[in-house]
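Engineer: Structure in structure tokens, see below.
The values are calculated or read from the model by the stated rules, or taken from the named source; none is laboratory data. Just so it is clear, the model here is predicted, and its values are computed rather than measured. Using ideal geometry, Cβ is built from the backbone for each residue, glycine included, and neighbour counts are taken over all protein chains shown.
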Amino acid sequence: MTTPHENEKSLFISGLTLAAFILACDQITKQLILNHFNGGGQEIAVLPFFNIVIVWNYGISFGIFSEMKIPVALIAMSCAILLILLIWMKRNNDRLVGIALAFIIGGAVGNVIDRLRFGAVADFLDFHVSGWHWPAFNIADSTIFIGVVLLCFHSIFTDHNRNDKGTSS
């Protein structure tokens, strides 16, 4: 039988492994796209509603703050958030929360690496309908989103022993 501390350590190691896998997938796909486009602005039509493009995001989600071009501030903020998430993951003893945090951490590190290398994040997945394009994104953005959804799911649908069993008077 494992102790709660051993369970936390095992979940932390598993979480770090998953985050590293996500980071590797993100960086490999970005490098493949960058190699293919060689810095150019072409696009590849894959499906009637999906293109591969290269878009540099200097801001945060959906290009917010792009015009400010403040990669140092965004890198510092991302690193502070990553530290908090790592501490949370280290203290965590719930498998779903561990997976969610690993998704967020792996994706966030991938985007921080882009900011350090290029001063911006490389986005390349372009979905569109009738001339309307969703903002381009990448694997890291996708895993961050999935991680946040998993945390929300866990928060909403998990019994957190909030003393809601009622008390007798």
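Engineer: I need the full set of residues from segment 93-134 which are among the β-branched types (Val, Ile, Thr) and more than 18 Å from ALA24 (Cβ to Cβ), in order please.
Structural biologist: First, pick out the residues of segment 93-134 that are among the β-branched types (Val, Ile, Thr): 97, 99, 104-105, 109, 112-113, 121, 129.
If the condition is that a residue be among the β-branched types (Val, Ile, Thr) and more than 18 Å from ALA24 (Cβ to Cβ), then VAL97, VAL129 are the ones that fit.
Engineer: In the set VAL46, VAL55, which member is out of contact with any Leu (no Cβ under 8 Å at 6 or more places or on another chain), under 26 Å from LEU82 (Cα atoms) and either assigned to a loop (DSSP other than H, G, I, E, B) or at pLDDT 85 or above (or both)? If you could, list the steps in order and put the result at the bottom.
Structural biologist: On the way: VAL46 fails: under 26 Å from LEU82 (Cα atoms).
So the residue among VAL46, VAL55 that is out of contact with any Leu (no Cβ under 8 Å at 6 or more places or on another chain), under 26 Å from LEU82 (Cα atoms) and either assigned to a loop (DSSP other than H, G, I, E, B) or at pLDDT 85 or above (or both) is VAL55.
Engineer: Of all residues in segment 129-158, which are of a type outside the set (A, V, I, L, M, F, W, C), surrounded by 15 or more Cβ atoms within 10 Å (Cβ to Cβ) and touching a residue at least 60 places away in the same chain (Cβ under 8 Å)?
Structural biologist: If the condition is that a residue be of a type outside the set (A, V, I, L, M, F, W, C), surrounded by 15 or more Cβ atoms within 10 Å (Cβ to Cβ) and touching a residue at least 60 places away in the same chain (Cβ under 8 Å), then PRO135, ASN138, ASP141, THR143, HIS154 are the ones that fit.
Engineer: If ALA20 satisfies every condition in (1) more than 18 Å from ALA108 (Cα to Cα); (2) in contact (Cβ under 8 Å) with a residue 40 or more places away in the chain; (3) assigned to a helix (DSSP H, G or I) but one, which is the exception?
Structural biologist: Failing condition for ALA20: (1).
Engineer: Give segment 98-126 a look and list any residue that's over 22 Å from GLY15 (Cβ atoms) and surrounded by fewer than 21 Cβ atoms within 10 Å (Cβ to Cβ), or say none.
Structural biologist: Those that are over 22 Å from GLY15 (Cβ atoms) and surrounded by fewer than 21 Cβ atoms within 10 Å (Cβ to Cβ): ARG115, LEU116, ARG117, PHE118, GLY119, ALA120, LEU125.
Engineer: Please go through (1) at pLDDT 90 or above; (2) exposed (fewer than 14 other Cβ atoms within 10 Å of the Cβ); (3) not acidic (Asp, Glu) for ASN92 and return the number of the only condition it doesn't satisfy.
Structural biologist: (2)
Engineer: Tell me, please, whether a residue that is modelled with pLDDT under 95 and within 19 Å of ALA73 (Cα to Cα) can be found in segment 121-133.
Structural biologist: Yes, segment 121-133 has at least one match.
Engineer: Among the listed residues ILE99, ILE139, which satisfies the condition of being farther than 17 Å from SER155 by Cα and within 12 Å of the chain's Cα centre (by Cα)?
Structural biologist: ILE139
Engineer: Checking the structure you have, find out if any residue of segment 25-41 is touching a helix residue (DSSP H, G or I) at 6+ places or on another chain (Cβ under 9 Å), modelled with pLDDT under 90, of a type in the set (Phe, Trp, Tyr) and not in a strand (DSSP E or B).
Structural biologist: There is no residue in segment 25-41 that is touching a helix residue (DSSP H, G or I) at 6+ places or on another chain (Cβ under 9 Å), modelled with pLDDT under 90, of a type in the set (Phe, Trp, Tyr) and not in a strand (DSSP E or B).
Engineer: If SER78 passes every condition in (1) under 21 Å from PHE37 (Cα atoms); (2) within 14 Å of the chain's Cα centre (by Cα) but one, which one does it miss?
Structural biologist: Checking SER78 against (1) under 21 Å from PHE37 (Cα atoms); (2) within 14 Å of the chain's Cα centre (by Cα), the one that fails is (1).
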